[in-house]
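Structure first, commentary second.
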Amino acid sequence: MSKYFGTDGFRGEANKALTVDHAIRIGRFIGWYYGKEHRAKVVIGKDTRRSSYMYECALAAGLTASGADVYLLHVTTTPSVSYIARTEDFDCGIMISASHNPYYDNGIKLINSLGEKMEESVLLMIEAYLDGELGELPYTAGADIGRTEDYSAGRNRYIGYLISLSRYAYKGMKIGLDCANGSTWMIAKNVFDALGADTYVIGNRPNGVNINVDCGSTNMRALQALVMENGLDAGFAFDGDADRCLAVDEKGRCVSGDEIMYMCARYMKEQGELETNTVVTTVMSNFGLYQALDKAGIRYEKTAVGDKYVWENMRANGHVIGGEQSGHIIFSKFANTGDGLITAIKLMEVMIEAKSTLSKLTEPVTIYPQVLKNVAVIDKDAALTDGAVRRAVQAAERSLGERGRVLLRKSGTEPLLRVMVEAPTHKECEQNVDAIIEAMGVSGHLAEVI
């Protein structure tokens with residue numbers, strides 16, 4: 001993994017781990033790198049965090065100083081930047097967002113001209129420049145200096161694209177939308193209104209510091225209440241930059257990314273659209289998903305955690321659907337990255353075509369109890385390889401046998417270890433997770449359980 005760029009961009013606390021100087025220098029490098037043979041053309045989007053405006057200005061300054069032309073989508077989703085980058089001849093797309101993280105964090109996500117996450121080779125060169133290993137880059141002057149343009153028209157084209165993907169109108173359907181006070185705060189309602197739904201929207205009052213606060217895909221309680229209080233057919237919750245989507249059924253129950261993948265894959269198989277008859281998951285997906293896929297005669301593959309790895313597998317093998325339990329779902333026919341709004345649209349299609357409810361459609365999937373705790377440690381690698389910690393993991397694996405599983409891994413986007421146990425009962429999950437964390441504490445690795 002890169003020094004600064006994790007599985008989902010360069011992310012950290014604004015002006016501490018990720019500074020405005022970092023943003024300027026990233027812009028300087030990208031403008032120079034893509035502008036060697038022509039004037040570089042870069043599109044930028046941002047979420048609603050207060051610091052996103054600062055980074056937007058800093059990136060634009062760095063890019064134009066290196067001769068690139070910059071097109072600003074303003075507040076928009078990560079998938080929209082991917083879409084515009086791949087369909088409108090941009091050299092690079094940049095999204096300013098820390099996704100599901102709290103407001104005081106932010107991130108810079110780099111997207112190539114194919115709408116995919118930036119190649120590791122380019123990220124490594126950017127990091128070398130940030131560390132002063134490449135020397136200083138030349139400034140442009142005169143007519144060679146780049147310019148910045150408003151490009152809200154690009155965001156509107158993306159909205160039109162989303163609307164075009166729906167095979168059905170939503171007339172007569174009551175749908176809840178939780179926009180996480182983030183990137184979809186206007187876009188989601190526009191799409192569902194245009195398709196004829198009776199929309200009920202929450203999490204659509206961003207103030208710069210309330211993104212993901214008690215709302216969105218990281219906290220579904222408000223959407224569950226909205227669905228139950230208003231007798232809605234379904235609800236969809238997005239994260240801060242809308243590359244994730246989770247759902248709430250008509251009974252107020254949360255529907256996981258695993259269940260969404262099952263419903264969509266089974267529907268695609270029935271429609272003859274599940275090319276390769278395979279779903280790509282990560283190692284975090286639930287046992288219950290695999291059991292349900294087995295019964296449906298659908299194969300699956302597992303990757304490391306991160307939609308980056310899911311997409312790499314899909315692209316290499318021609319698979320058409322994959323994703324994560326957290327709601328990053330990729331439909332390769334329509335996008336090269338997870339797109340929460342496309343996920344919601346495809347799930348609506350499944351419901352309408354089947355003339356069924358989400359609760360009925362998810363019945364074949366029995367989700368095993370799963371406990372995941374995030375642990376801040378002094379040194380992630382040292383904690384992972386510590387003998388006492390490894391023995392605690394092995395003891396948990398022996399106690400569960402084939403009835404469950406244990407996963408201890410590093411976060412790709414935060415300075416944390418994630419301890420996950422899946423078992424027949426919640427109590428067994430808790431006991432085994434806590435035993436592993438206790439071993440970290442006894443060995444002197446533990447900083448905080450979050």
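When only residues in region 360-373 that are out of contact with any helix residue (DSSP H, G or I) (no Cβ under 7 Å at 6 or more places or on another chain) and modelled with pLDDT of 95 or more count, which is farthest from VAL433 (Cα to Cα)?
LYS360
Looking at region 175-202, which of the residues that are touching a Leu at 6+ places or on another chain (Cβ under 8 Å) and of a type in the set (Gly, Ala, Ser) is surrounded by the fewest Cβ atoms within 10 Å (Cβ to Cβ)?
If we take residues in region 175-202 being touching a Leu at 6+ places or on another chain (Cβ under 8 Å) and of a type in the set (Gly, Ala, Ser), then GLY176 is surrounded by the fewest Cβ atoms within 10 Å (Cβ to Cβ).
Kindly indicate whether LYS109 is buried (at least 24 other Cβ atoms within 10 Å of the Cβ) and within 22 Å of the chain's Cα centre (by Cα).
Considered against the rule, which asks whether it is buried (at least 24 other Cβ atoms within 10 Å of the Cβ) and within 22 Å of the chain's Cα centre (by Cα), LYS109 comes out as yes.
In region 20-47, how many are over 24 Å from ASP239 (Cβ atoms) and part of a loop (DSSP other than H, G, I, E, B)?
Residues in region 20-47 being over 24 Å from ASP239 (Cβ atoms) and part of a loop (DSSP other than H, G, I, E, B): 6 in total.
Quickly run through region 166-192 and pick out the residues that are in a loop (DSSP other than H, G, I, E, B) and either charged (D, E, K, R) or within 26 Å of ASN101 (Cβ to Cβ) (or both).
Of everything in region 166-192, those that are in a loop (DSSP other than H, G, I, E, B) and either charged (D, E, K, R) or within 26 Å of ASN101 (Cβ to Cβ) (or both) turn out to be ARG167, LYS171, CYS179, ALA180, ASN181, GLY182, SER183, THR184, TRP185, MET186.
Are any residues in region 374-386 crowded, with 17+ Cβ neighbours inside 10 Å, of a type in the set (A, V, I, L, M, F, W, C) and part of a helix (DSSP H, G or I), and if so, which ones?
Once the filter is applied, which keeps residues that are crowded, with 17+ Cβ neighbours inside 10 Å, of a type in the set (A, V, I, L, M, F, W, C) and part of a helix (DSSP H, G or I), region 374-386 yields ALA383, LEU384.
Residue-wise test of (1) at pLDDT below 95; (2) under 19 Å from LEU165 (Cα atoms); (3) among the acidic types (Asp, Glu); (4) within 14 Å of the chain's Cα centre (by Cα).
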{"site": "LEU293", "(1), (2), (3), (4)": "no, no, no, no"}
{"site": "GLY297", "(1), (2), (3), (4)": "no, no, no, no"}
{"site": "ASN313", "(1), (2), (3), (4)": "no, no, no, no"}
{"site": "ILE321", "(1), (2), (3), (4)": "no, yes, no, no"}
{"site": "GLU324", "(1), (2), (3), (4)": "no, no, yes, yes"}
{"site": "ILE329", "(1), (2), (3), (4)": "no, yes, no, yes"}
{"site": "LEU341", "(1), (2), (3), (4)": "no, yes, no, yes"}
{"site": "LYS346", "(1), (2), (3), (4)": "no, yes, no, no"}
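If you take the residues of region 387-413 that are farther than 30 Å from LEU18 by Cα and among the charged types (D, E, K, R), which of them is surrounded by the fewest Cβ atoms within 10 Å (Cβ to Cβ)?
GLU402
Within region 409-443, track down each residue that is hydroxyl-bearing (Ser, Thr, Tyr) and in contact with a helix residue (DSSP H, G or I) (Cβ under 9 Å, 6 or more places away or on another chain).
Those that are hydroxyl-bearing (Ser, Thr, Tyr) and in contact with a helix residue (DSSP H, G or I) (Cβ under 9 Å, 6 or more places away or on another chain): SER411, SER443.
Kindly indicate the residue of region 235-261 that is of a type outside the set (Asp, Glu), surrounded by fewer than 24 Cβ atoms within 10 Å (Cβ to Cβ) and in contact (Cβ under 8 Å) with a residue 60 or more places away in the chain and also farthest from GLN370 (Cα to Cα) among those meeting that condition.
Among those residues, the one meeting the criterion is LYS251.
Applying the selection to region 313-355, what residues are in contact (Cβ under 8 Å) with a residue 40 or more places away in the chain, over 18 Å from THR76 (Cα atoms) and polar (S, T, N, Q)?
Scanning region 313-355 gives ASN317, GLN325, SER326.
Restricting attention to region 97-124, which residues are in a helix (DSSP H, G or I) and either closer than 21 Å to PHE331 by Cα or without any contact (Cβ under 8 Å) to a residue 60 or more places away in the chain (or both)?
SER121 - this is the single residue of region 97-124 that is in a helix (DSSP H, G or I) and either closer than 21 Å to PHE331 by Cα or without any contact (Cβ under 8 Å) to a residue 60 or more places away in the chain (or both).
Condition first: in a loop (DSSP other than H, G, I, E, B) and either under 22 Å from the mean Cα position of the chain (by Cα) or surrounded by fewer than 23 Cβ atoms within 10 Å (Cβ to Cβ) (or both). Can you find one or more residues in region 49-59 that meet it?
Yes, region 49-59 contains a residue that is in a loop (DSSP other than H, G, I, E, B) and either under 22 Å from the mean Cα position of the chain (by Cα) or surrounded by fewer than 23 Cβ atoms within 10 Å (Cβ to Cβ) (or both).
Among the listed residues PHE238, PHE192, which satisfies the condition of being in contact with a strand residue (DSSP E or B) (Cβ under 9 Å, 6 or more places away or on another chain) and closer than 28 Å to GLU301 by Cβ?
PHE238
Mind checking whether some residue in region 148-157 is surrounded by 20 or more Cβ atoms within 10 Å (Cβ to Cβ), under 30 Å from CYS254 (Cβ atoms) and not charged (D, E, K, R)?
no
Could you grab me the full set of residues in region 128-139 that are of a type outside the set (A, V, I, L, M) and either surrounded by fewer than 18 Cβ atoms within 10 Å (Cβ to Cβ) or closer than 30 Å to GLY216 by Cα (or both)?
If the condition is that a residue be of a type outside the set (A, V, I, L, M) and either surrounded by fewer than 18 Cβ atoms within 10 Å (Cβ to Cβ) or closer than 30 Å to GLY216 by Cα (or both), then ASP131, GLY132, GLU133, GLY135, GLU136, PRO138, TYR139 are the ones that fit.
Identify, from the list GLY216, GLY172, the residue that is surrounded by fewer than 22 Cβ atoms within 10 Å (Cβ to Cβ), at pLDDT 95 or above and at positive phi.
GLY172
If the Cβ limit is 7 Å and pairs must be 6+ apart or interchain, which residue in region 289-312 that is farther than 23 Å from LYS360 by Cβ and touching a residue at least 12 places away in the same chain (Cβ under 8 Å) pairs with which residue that is outside any strand (DSSP E or B) and hydroxyl-bearing (Ser, Thr, Tyr)?
That search, which allows pairs on different chains as well, returns THR303/TYR309; GLY306/THR7; ASP307/THR337; LYS308/THR7; TRP311/THR337.
Every residue in region 125-167 that is among the polar types (S, T, N, Q) and without any contact (Cβ under 8 Å) to a residue 24 or more places away in the chain, please.
Once the filter is applied, which keeps residues that are among the polar types (S, T, N, Q) and without any contact (Cβ under 8 Å) to a residue 24 or more places away in the chain, region 125-167 yields ASN156, SER164.
Tally the residues that are closer than 13 Å to VAL283 by Cα and either of a type in the set (Val, Ile, Thr) or surrounded by fewer than 20 Cβ atoms within 10 Å (Cβ to Cβ) (or both), restricting the search to region 421-431.
Summing the residues that are closer than 13 Å to VAL283 by Cα and either of a type in the set (Val, Ile, Thr) or surrounded by fewer than 20 Cβ atoms within 10 Å (Cβ to Cβ) (or both) in region 421-431 gives 1.
Those residues that are assigned to a strand (DSSP E or B) and surrounded by 15 or more Cβ atoms within 10 Å (Cβ to Cβ), I need them from region 346-373; list them, please.
Selection gives GLN370, VAL371, LYS373.
The values are calculated or read from the model by the stated rules, or taken from the named source; none is laboratory data. These numbers come from a predicted model, not from an experiment. Cβ: placed from backbone, ideal geometry, glycine included. Neighbour counts: every protein chain shown.
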